[in-house]
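The values are calculated or read from the model by the stated rules, or taken from the named source; none is laboratory data. Computed from a predicted structure; not experimentally measured. The accessibility values were calculated without ligands, DNA or RNA, using every heavy atom of the protein model including side chains. Shrake-Rupley method; radii C 1.70, N 1.55, O 1.52, S 1.80 Å.
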Amino acid sequence: MSSGRWPERLWIIRHGESAGNVARDAAHARGDDRIELSARDVDIPLSPRGEEQARALGRWFARAAVADRPDAILASPYARACTTAALFRGEGGSANDTPICIDERLREKEFGILDGLTVSGVASVYPDQAEFRRLLGKFYHRPPGGESWCDVIFRLRSVMDMIALHYAGRRVMIVAHQVVVLCLRYVIEGLSEPQILAIDAAGDVANCSVTEYRFDHGIGDGGLALVRYNSVEHLAASRTADVTVEPDRITGVRG
């Protein structure tokens, strides 16, 4: 892309800790096959700790200069992402009139028939899928009714095209999910399957962590350069927000 098509700044945020994370931990502690959830995945709210993480993120940005804060926010339609964005804005992380634009292409990776299962549950209930995933790897394995990482990447390429078209020169924040953060790195940096899987294997994306890019004229004819990945400096500096490194809904599967 040419320099006129990139945002000036791009922050990618994983949502705060959700009630689903808490329920998953409890299910694994009991050795259950399924996670006890009372709502659709899209409606799962933040936990109280997740809400404070989002507020801490907003307060951290609020202390920065206006030029170092987003002037546009894009969010997954899932409740935990929307609430993270709203709490961030409410604490002054961006101007009060900054719109939060919901984009369904930023939604969580869809797990299909595996949704809500623990890792032991996948092996117990759908051993064939556990074996398919072992053979194909998470990048290409698509559970029935669900998505592979490639499917997520396909929709994220169109998100980046839209950002290039409508947000050139802007300061954009995306609030989404762990797999979305990783797959956006794959798209933006032109990574290979082994490279992005190595990044994933090195550790989970922390709740309310910051991944940041800045426009750099030195990249070809201009492009986005990675400034920081999975940063939790703002949480570590907060006296009220804990750092949580939580896999998404299916712990052992991790996307």
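Roughly what % of DSSP beta bridges within the chain run antiparallel, to the nearest 5? DSSP beta bridges in the chain are roughly 50 percent antiparallel. Looking at the stretch 10-235, the accessible area is 41 square angstrom per residue; that uses a 1.4 Å probe and ignores ligands, DNA and RNA.
Entry note, the chain: the mean residue ellipticity at 222 nm calculated from DSSP H runs of n ≥ 4, each adding -39500 (n - 2.57), is -12000 deg cm²/dmol after division by the residues and rounding to the nearest 500. Expressed as a whole percent, the accessible area of the stretch 10-235 that falls on carbon and sulfur atoms is 53 (1.4 Å probe). Extension gain for residue 62 to residue 242 (0.36 nm times residue separation, less C-alpha to C-alpha distance): 62.9 nm. Principal-axis analysis of the Cα atoms of the chain puts helix 149-166 at an angle of about 20° to the longest axis.
Remark: the Cα gyration tensor places the chain in the oblate category, a/c being 1.5 or greater and a/b not exceeding b/c. Summarising the amide proton neighbourhood of residue 174: residues at separation of 5 or more, or on other chains, whose placed amide H is nearer than 5 Å comprise 11, 12, 13, 74. Backbone phi angles across the stretch 51-65, fed through the Karplus curve with coefficients 6.51, -1.76 and 1.60 (θ = phi - 60°), yield HN-Hα couplings of 5, 5, 4, 5, 5, 4, 4, x, 5, 5, 5, 4, 7, 8, 5 Hz in residue order; Gly and Pro are listed as x. Give me the angle, in degrees from 0 to 90, between the Cα long axis of helix 178-189 and the longest principal axis of the Cα atoms of the chain, rounded to the nearest 10. It is inclined by approximately 50 degrees.
Amide H to amide H, with H built 1.01 Å from N, residue 92 comes under 5 Å of no residue 5 or more places away or on another chain.
Calculate how steeply helix 79-90 sits against the longest principal axis of the alpha-carbon atoms of the chain, using the helix alpha-carbon long axis, and give the answer as 0 to 90 degrees to the nearest 10. So the helix axis and the longest Cα principal axis differ by about 30 degrees.
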